Amino acid sequence: MADSESPPGRPKAVPDSLGAGAAQGREKGRRSSNPRRRAREFVIQGLYQWQVGDQDEAAIQVQAEGVAGFDKADSQLYTTLLSEARQQAEPLKADLAPYIDRSWDEVSPIERCILLLGACELKLHPETPYRVIINEAIELAKTYGGTDGHKFVNGVLDKLAAVLRPDETRTR
C-alpha cells in the first residue's frame, strides 16, 4: 500500500529501523537540515523501538548512532529528549489522557511517540516556545503518522499546552 493510501490511524511511514526515511530526515521528499528536527526524528524512532520492540536505551542509542545522518542531528537534544520521554512516560501519558478520546493503546504507535515527545517538551523544556513544539509535532505526524494524524496530534498538544503553559498560550 502506498503512503498516500494508508487507512486513517495507520502510520504511512515510520522511522528508519521500522521503515525508510526518518534518519535521513525526509519530509515530503526533502532532507531535513535542521539539527533539532533531525534529533526529534531520531527520538521518535527510539521511542518506537522502545514501545514496540521493547529495546533499552543503550541499544536504541547504539542503533541510532549507526544510521546515516545521525551525525547531523543535535545529539545532546536527542539524548535528553529520549531519556526524559522514556523516564517520564507514565506521568506524560496521564497529562495527555484527558485530551485523547480513546484509550492509549488505540492510538497508533507513531502518534503515541509523537505525543510523548511533544508532552515532554511542553512540560520539561520551557525554553522552547510551545508553538515550535506543536509545529514540530505536526510536521512529524504529517511525515510519519496516519492520514489525519497531524490533526489529532495538533488538537491534543494544543489543549495540553493551554494547561501546562497558560501564560504563554494566553498571549496567542
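Yes or no: residue 167 in contact with a Leu (Cβ under 7 Å, 6 or more places away or on another chain) and assigned to a helix (DSSP H, G or I)? I'd like the intermediate steps shown before the answer.
Values: in contact with a Leu (Cβ under 7 Å, 6 or more places away or on another chain): no; assigned to a helix (DSSP H, G or I): yes.
Criteria not met by residue 167.
Taking region 131-141, which residues are surrounded by fewer than 20 Cβ atoms within 10 Å (Cβ to Cβ) and touching a Lys or Arg at 6+ places or on another chain (Cβ under 8 Å)?
139
Here's the yes/no breakdown for (1) among the small types (Gly, Ala, Ser); (2) without any contact (Cβ under 8 Å) to a residue 60 or more places away in the chain; (3) crowded, with 24+ Cβ neighbours inside 10 Å:
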residue	(1), (2), (3)
92	no, yes, no
97	yes, yes, no
116	no, no, yes
121	no, yes, yes
128	no, yes, no
151	no, yes, no
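Being assigned to a loop (DSSP other than H, G, I, E, B) and of a type outside the set (A, V, I, L, M) is the filter here, so list the residues in region 68-96 that pass it.
Narrowing region 68-96 to residues assigned to a loop (DSSP other than H, G, I, E, B): 68-69, 73-74, 88.
Answer for region 68-96, where residues must be assigned to a loop (DSSP other than H, G, I, E, B) and of a type outside the set (A, V, I, L, M): 69, 74, 88.
Being in contact (Cβ under 8 Å) with a residue 12 or more places away in the chain, over 18 Å from residue 40 (Cα atoms) and either more than 15 Å from the chain's Cα centre (by Cα) or crowded, with 19+ Cβ neighbours inside 10 Å (or both) narrows it down to one of 57, 111, 168, so name that one.
On the way: 57 fails: over 18 Å from residue 40 (Cα atoms); 111 fails: over 18 Å from residue 40 (Cα atoms).
Unique residue meeting the criteria: 168.
Looking at residue 128, is it of a type in the set (Ser, Thr, Tyr) and touching a strand residue (DSSP E or B) at 6+ places or on another chain (Cβ under 6 Å)? Don't jump to the end; show me each part of the working.
Values: of a type in the set (Ser, Thr, Tyr): yes; touching a strand residue (DSSP E or B) at 6+ places or on another chain (Cβ under 6 Å): no.
No.
Please specify each residue of region 61-119 satisfying the condition of being among the acidic types (Asp, Glu) and within 14 Å of residue 160 (Cα to Cα).
Let us first name the residues in region 61-119 that are among the acidic types (Asp, Glu), namely 65, 71, 74, 84, 90, 95, 101, 105-106, 111.
Answer for region 61-119, where residues must be among the acidic types (Asp, Glu) and within 14 Å of residue 160 (Cα to Cα): 95, 101.
Does residue 145 count as at pLDDT 95 or above, under 18 Å from residue 49 (Cα atoms) and within 15 Å of the chain's Cα centre (by Cα)? I'd like the intermediate steps shown before the answer.
Working: at pLDDT 95 or above: no; under 18 Å from residue 49 (Cα atoms): yes; within 15 Å of the chain's Cα centre (by Cα): yes.
Against the criterion (at pLDDT 95 or above, under 18 Å from residue 49 (Cα atoms) and within 15 Å of the chain's Cα centre (by Cα)), residue 145 does not qualify.
The values are calculated or read from the model by the stated rules, or taken from the named source; none is laboratory data. Given the structure is predicted, the values throughout are model-derived calculations rather than measurements. Neighbour counts run over all protein chains shown; Cβ positions are idealised from the backbone, glycine included.
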